[in-house]
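The values are calculated or read from the model by the stated rules, or taken from the named source; none is laboratory data. Computed from a prediction, not measured in an experiment: that's the story for all the values here. Here the Cβ positions follow ideal geometry from the backbone for every residue, glycine too, while neighbour counts run over all protein chains shown. What goes into the accessible areas is simple: the full protein's heavy atoms, side chains included, and nothing from ligands, DNA or RNA. Shrake-Rupley method; radii C 1.70, N 1.55, O 1.52, S 1.80 Å.
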Amino acid sequence: MSEVDIPMSVNVPTRAALKSIPAYKPGSAPQARPGAPAYKMSSNENPYPPLPGVLDRAQAAAAQANRYPDMFSTALIERLAVECGVPADDVIIGTGSSGVLQQTLLALCEADDEVVYAWRSFEAYPIMVGLTGARSVQVPLDDHARHDLAAMAAAIGPRTRVILVCTPNNPTGPAVSRDAMVDFLDTVPEDVLVVVDEAYHEFVRDPDAVHGIDLYRDHPNVMVMRTFSKAYGLAGLRVGYGVAHAPISTAIRKTAVPFGVNHIAHEAALASLDAADALNIRVGHLTAERSRVVTALTDQGWNLPDAQGNFVWLATGERTDAIAAALGQEGISVRAFSGEGIRCSIDSAEANDALIAALEPHVSRRGYRH
Ligand SMILES: *Cc1c(COP(=O)(O)O)cnc(C)c1O
């Protein structure tokens, strides 16, 4: 803290690209209300604590914090290679799958290259594309809040280096279908990388949904990204992974922050993979809660897009800020995209009940488009 608060005049320029990059807005915490419960449904976090066995392993790892972690996350890479049925060379570990995505774009994009993705989608995309100096080409979602793959194919140009496909789409919810994705890949030039972002993969129950790893097996230009942040409940430890064919994977490893994935995160991820049965039970509870919320809101009259992640999307249009504020008064924080809609995470049954009750007075029958 400086002792005087006279502003210094700083003349050091920063990169021009930063001017057009929005700041990432984390989901807000609920307002504290004395004596009343508060529910954070704004960040698609898991309401459950880390899986059984994870904290013990993390604690043991913390005792070695004087040492650098394994720079190559060897044990986790080997384990994930087995889990996914892919060569260890093709697995990349990063600081969350956001970290893997940032490494990927840094490895592939030059200034003025283009990255095609659906919009609205994950809000980190425009930030991470912008940081590389590349340009975002945003393709509007269709009337059901799904990726419009035909329009995305039409948006591919000579400068396109990467296409991001978010399935299920954050924040709207639908998964991309396998058949549509296979047809789409036929139209993508072989020198364009298609990243299938499967952050919510474990929650998908749509039998027609694409499985990125299957596509990666048949297509040298397909990459998959997954995370321990959502279903596994390790958002705070920052660990995720990608699967891409060498030499793409080799290039992506070069753009990592050295030792970015720490030993606690590494061990917690390994222990989480050992707890597959407990994971499946929890994910089952959360998808059952999702169905319950979707049914209750549909009965109220809401018109929801297909929800395949751990969240639901309400197309609240110009009433978005007012409804989000009203939910805030009830102790519920949600993710509001002003003028578009509200994303509400599926949480404990109690939180979901509170959400359902709080939304009742605001019912909108509008479709996704507004
Ligand atoms: C949450 C999320 C991620 C990854 O989050 P990390 O915590 O960085 O692993 C990636 N993509 C989408 C669409 C997400 O919603």
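Considering (1) without any contact (Cβ under 8 Å) to a residue 60 or more places away in the chain; (2) out of contact with any Ser or Thr (no Cβ under 7 Å at 6 or more places or on another chain); (3) closer than 21 Å to residue 147 by Cβ, say which one residue 326 fails and leave the rest.
(3)
Which numbered condition trips up residue 69, out of (1) assigned by TED's automatic domain parsing to the domain that holds residue 259; (2) open to solvent by 40 Å² or more (accessible area, probe 1.4 Å); (3) assigned to a loop (DSSP other than H, G, I, E, B)?
Unmet condition: (2).
How about the range 28-45: which of its residues are within 18 Å of residue 326 (Cα to Cα) and surrounded by fewer than 17 Cβ atoms within 10 Å (Cβ to Cβ)?
28, 29, 31, 32, 33, 34, 36, 37, 38
Would you mention how many residues in the range 121-142 are within 11 Å of the ligand (Cβ to nearest atom) and either out of contact with any Lys or Arg (no Cβ under 9 Å at 6 or more places or on another chain) or more than 30 Å from residue 268 (Cα to Cα) (or both)?
Of the residues in the range 121-142, 5 are within 11 Å of the ligand (Cβ to nearest atom) and either out of contact with any Lys or Arg (no Cβ under 9 Å at 6 or more places or on another chain) or more than 30 Å from residue 268 (Cα to Cα) (or both).
Within the range 241-248, identify whether any single residue is open to solvent by less than 30 Å² (accessible area, probe 1.4 Å), in contact (Cβ under 8 Å) with a residue 60 or more places away in the chain, more than 26 Å from residue 131 (Cβ to Cβ) and more than 13 Å from the ligand (Cβ to nearest atom), and answer yes or no.
There is no residue in the range 241-248 that is open to solvent by less than 30 Å² (accessible area, probe 1.4 Å), in contact (Cβ under 8 Å) with a residue 60 or more places away in the chain, more than 26 Å from residue 131 (Cβ to Cβ) and more than 13 Å from the ligand (Cβ to nearest atom).
Could you please find all residues in the range 195-237 being open to solvent by 40 Å² or more (accessible area, probe 1.4 Å), over 12 Å from the mean Cα position of the chain (by Cα) and within 14 Å of the ligand (Cβ to nearest atom)?
Hits for the range 195-237 are 236, 237.
Inside the range 323-366, can you point out the residues that are within 24 Å of the chain's Cα centre (by Cα) and either part of a loop (DSSP other than H, G, I, E, B) or not assigned by TED's automatic domain parsing to the domain that holds residue 313 (or both)?
If the condition is that a residue be within 24 Å of the chain's Cα centre (by Cα) and either part of a loop (DSSP other than H, G, I, E, B) or not assigned by TED's automatic domain parsing to the domain that holds residue 313 (or both), then 334, 338, 339, 340, 346, 347, 348 are the ones that fit.
Condition test on residue 48, is it open to solvent by 40 Å² or more (accessible area, probe 1.4 Å) and more than 29 Å from residue 252 (Cα to Cα)?
yes
So which of 175, 145, 151 is away from the ligand (no atom under 16 Å from the Cβ) and either aromatic (Phe, Trp, Tyr) or modelled with pLDDT of 95 or more (or both)?
Every option except 151 fails the conditions.
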